[in-house]
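The values are calculated or read from the model by the stated rules, or taken from the named source; none is laboratory data. Computed from a predicted model, the values in this text were never measured in an experiment. Cβ placement follows ideal geometry from the backbone for every residue including glycine, while neighbour counts extend to all protein chains displayed. For the accessible areas, the whole protein counts, side chains as well, though only heavy atoms, and no ligand, DNA or RNA atoms are used. Shrake-Rupley method; radii C 1.70, N 1.55, O 1.52, S 1.80 Å.
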Amino acid sequence: MLKVDGVSTHIGKIKILHEIYFQVEKGQIVSIIGANGAGKSTLLNTLAGLYRPTSGTITLENDVISGYPANKVVEKGLSLVPEGRQIFSNLTVKENLLLGMFSKYYKEKKLAEENLTKILDMFPSLKKHLKNLGGNLSGGEQQMLAIGRGLMSNPKIILLDEPSMGLAPKIVYEILDTLMIIKEDLGTMVILVEQNVKAALKVCDQAYVIDQGRIIINGTRDEISSNPQVISAYLGIKSAGA
Amino acid sequence: MSKLEKVLYGNRLKPFLFLVGLILMLPFVVKSSYIFTILILIGIYSIVTLGLCLLIGYAGQISLGHAAFFGIGAYTSGVLTTSFQLSPWLALVIGMVTTFFIAYLIGIPILKLKGHFLALATLGINIIFYILILGLNQLTGGAAGLIGIPSLSLFGLPLTDKLFFYFFVWTAALLVLLLSLNIVRSHVGRVLRSIHDSEIATETLGVKVENYKVAIFALSAAFASLAGSMYAHYITFVAPPTFYITKSILFLIMVMVGGAGSVWGAILGTTVIMFLNEIIRFVGHTYFGISGEVEIVVYGLIIILIMMFLPKGLMHVISKPIQKLKQKKKVKIKSHKDMISQKGV
Ligand SMILES: Nc1ncnc2c1ncn2[C@@H]1O[C@H](COP(=O)(O)OP(=O)(O)OP(=O)(O)O)[C@@H](O)[C@H]1O
Ligand SMILES: [Mg+2]
């Protein structure tokens with residue numbers, strides 16, 4: 001379980017996140033939705049240790065991970081697939097994946113090979129590109145690679161920042177299918193940040209709406225899907241009154 | 001053989017042997033002592049640019065201050081062997097170790113900066129160093145420089161002999177090249193390249209990005225220091241202008257011209273720029289009657305042209321047709337095999 005308890009984040013002197021509370025239970029996909037500039041990426045980056053929260057605590061299973069730098073947080077089992085994929089374009093696909101196991105690579109070469117096989121079974125389209133440079137893959141393949149890389153460290157929870165960005169609907173659905181596999185086969189918790197609310201609500205168990213650094217609505221998928229505010233503001237359907 | 005393969009893996013053996021052959025052959029061909037001096041300087045500067053190439057091309061960090069580290073080596077050797085009568089070899093090692101630690105300590109704060117800011121900070125280091133060697137004239141001889149630095153000798157061979165020094169310098173350069181090639185291929189090299197592509201992603205994968213950046217910065221500084229010591233013992237005289245920011249920029253141009261993406265590019269770029277340097281001086285002097293630092297103007301032009309037309313440097317231009325040829329060969333072999341297997345069926 002991941003528990004976020006009253007987390008605030010400042011960037012410079014500006015308070016971007018205001019006392020965020022939420023949690024992810026084992027075996028859940030939790031979706032965080034919100035407009036541009038709402039603070040979604042800031043939240044994920046704070047969870048991953050790229051920003052240090054100015055108040056509150058983040059707990060993963062029994063470890064308090066808030067305050068750790070990013071490279072420690074991943075060792076504790078939280079993996080971030082950052083916004084814009086951030087593939088290593090000058091490294092081969094295989095090298096990209098192996099770096100995903102950086103924290104364990106030296107000690108457990110055999111495990112690395114095992115994980116590589118496991119990930120490639122999950123993303124067969126990467127298999128034929130193993131020796132190609134990451135930068136030469138298509139957008140969809142790059143996203144798969146980014147997710148695969150994030151899974152290489154066997155995380156307890158994986159955070160995805162707008163995986164559907166710039167991808168065709170068909171590819172978006174492929175990615176959503178993958179998330180279900182991650183949840184069901186690997187038992188990994190997932191936090192999915194999306195502007196594509198429709199897509200996010202297809203796979204998540206629980207959703208939170210964030211606006212100007214505050215969580216303004218939360219509920220199960222069905223509650224959120226039928227919430228009139230969400231429908232008018234995020235699903236693009238004008239409410240009757242307007 | 002397996003040991004050799006470990007160090008000179010894959011397709012690196014051939015170009016390496018080619019370079020060794022070239023180095024061994026040149027003394028028989030080159031009779032002009034003037035050109036021989038240039039060849040020695042190319043060897044010395046290549047040691048600097050190899051380190052710089054790891055820093056710029058692989059880790060993606062810029063330095064406009066490597067002339068300072070080159071200078072720390074040169075002055076450590078100069079001062080310790082003249083004023084303190086230390087063994088040149090000991091002085092050389094002390095220079096490298098000192099430079100490594102100085103660069104490490106400086107690197108911790110300044111490598112937090114990115115892009116232009118890092119460029120400016122390293123430029124600042126170079127200027128500070130320049131002012132220090134001018135100011136500490138009791139120790140460094142100030143603007144007049146330091147004279148009477150002893151030459152090196154190795155196993156009783158006086159390296160005052162140009163030929164011996166030539167082989168000595170190039171042996172060192174080849175060792176630095178070997179080390180660099182192996183760093184690039186190792187896990188460390190992979191991490192450096194990933195830092196180049198995305199620092200954030202690398203960090204979130206569990207890499208202490210800062211440590212890697214600082215370590216490669218310090219290592220490249222130590223290479224520069226080694227080269228600086230050799231320079232001091234070869235020229236036997238050091239003075240501040242040699243270590244000003246123009247030299248740092250020159251090192252940078254060498255790396256860019258050769259192509260920062262490949263360690264071979266460092267040696268190629270150094271060679272091209274050193275000869276170009278002489279040509280410019282010669283042409284400028286004989287045909288235009290200009291003396292002084294005309295080459296700086298031409299360098300400015302070169303940077304612009306390289307950035308516009310050859311952003312990946314000369315090495316990229318050279319290696320492309322070679323790779324194509326190899327691919328053609330492979331295809332040929334493959335189709336041949338296919339034919340054979342078809343006949344078999
Ligand atoms: N480095 C920064 N410096 C200053 N302000 C920042 C910085 N990063 C983010 N912000 C501000 O924080 C707020 C939240 O940004 P964030 O990137 O988290 O939004 P987001 O919800 O991920 O948006 P998007 O959907 O566009 O990715 C914005 O107002 C943004 O301007
Ligand atoms: Mg964002």
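Points to keep in mind about this one:
- In this assembly, the A-B interface accounts for approximately 2000 Å² of buried accessible surface in total, computed with a 1.4 Å probe and without ligands, DNA or RNA.
- Rounded percent of accessible protein surface that carbon and sulfur make up, the protein assembly as shown, 1.4 Å probe: 64 percent
- Size of charge dipole - chain A - debye, nearest 20, with Cβ of Lys, Arg +1 and Asp, Glu -1, no other charges: 520 debye
- Shown for region A:89-113: residues covered by the partner protein chains by 30 Å² or more of accessible area relative to the chain by itself (probe radius 1.4 Å), namely A:90, A:91, A:95, A:99, A:102, A:105, A:106.
- Loop-located GluC sites (Glu not before Pro) in region A:100-165 (DSSP state other than H, G, I, E, B) with a sparse environment of at most 14 neighbouring Cβ atoms within 10 Å: A:108.
- Burial of 30 Å² or greater, region B:182-206 residues [accessible area, probe 1.4 Å, versus chain by itself]: B:187, B:190, B:193, B:194, B:197, B:198, B:200, B:201, B:203, B:204, B:205, B:206
- Put simply, the amide H of residue A:208, placed in the peptide plane, has neighbours under 5 Å in A:31, A:32, A:33, leaving out anything fewer than 5 places away on its chain.
- For the options B:78, B:145, B:51, a Gaussian network treatment of chain B with springs between C-alpha atoms closer than 10 Å singles out B:145 as fluctuating the most.
- Heavy atoms of residue A:92: accessible area, 1.4 Å probe, square angstrom to 10: 30 Å²
- Accessible area in square angstrom per residue, region B:12-244, 1.4 angstrom probe: 40 Å²
- Positive end of the dipole of chain B (Cβ unit charges, origin at the Cα centre): among B:239, B:194, B:128, the Cα lying farthest that way belongs to B:194.
- Entry for region B:18-76 at q = 0.28 Å⁻¹: log10 I(q)/I(0) = -1.10, Debye formula applied to identical alpha-carbon scatterers, no solvent contribution.
- Considering only A:43, B:159, A:123, and ranking their Cα positions along the charge dipole of the protein assembly as shown that arises from unit charges at the beta-carbon of Lys, Arg, Asp and Glu, the one farthest toward the positive end is B:159.
- On Cα atoms only, tilt of B:162-185 relative to the major axis of chain B in degrees: 50 degrees
- Rounded FRET efficiency, nearest 0.05, which uses the C-beta distance separating residue B:153 from residue A:111 and R0 of 60 Å: 0.65
- Taking B:319, B:180, B:77 as the candidate residues, the one with maximal mean-square fluctuation in a Gaussian network model of chain B, Cα springs under 10 Å, is B:319.
- At most 14 other Cβ within 10 Å, DSSP loop - chymotrypsin sites (Phe, Trp or Tyr not before Pro), region A:60-151: A:106
- 10 Å Cβ shell holding at most 15 others, DSSP loop, trypsin sites (Lys or Arg not before Pro): longest site-free stretch of chain A: A:132-237
- A simple spin-label model places pseudo-atoms 7 Å from Cα toward Cβ; at residue A:72 and residue B:285 they are separated by 6.1 nm.
- For the pair region A:1-52 and region A:143-175, the centres of their Cα atoms are 18 angstrom apart.
- Remark: region A:112-176 carries 40 Å² of accessible area per residue (probe radius 1.4 Å; ligands, DNA and RNA excluded).
- For q = 0.07, 0.08, 0.11, 0.12 Å⁻¹, Debye-computed log10 I/I(0) when each Cα of the protein assembly as shown counts as one equal scatterer: -0.55, -0.69, -1.05, -1.16
- For the protein assembly as shown, the 222 nm mean residue ellipticity estimated from helices alone, with every DSSP H stretch of n ≥ 4 adding -39500 (n - 2.57) and the total spread over all residues, rounds to -19000 deg cm²/dmol.
- Between residue B:13 and residue B:29, the contour length at 0.36 nm per residue exceeds the Cα-Cα span by 3.3 nm.
- With a threshold of 19 Å on the Cα-Cα distance, the over-threshold entries among B:112/B:208; A:40/B:114; A:40/A:170; A:40/A:72; A:118/A:183; A:76/A:104 are A:40/B:114; A:40/A:170; A:40/A:72.
- Amide H within-cut-off set for residue A:11, under 5 Å, with H built and near neighbours excluded: A:16
- When its C-alpha radius of gyration is set against 2.2 N^0.38 Å (N residues), region B:12-244 gives a value of 1.05.
- Counting Cβ atoms of other protein chains within 10 Å of each Cβ in A:75-84 and taking the mean gives 2.
- Positions from region A:14-62 whose accessible area shrinks by 30 Å² or more when the full protein complex is built, not the chain alone, probe 1.4 Å: A:50
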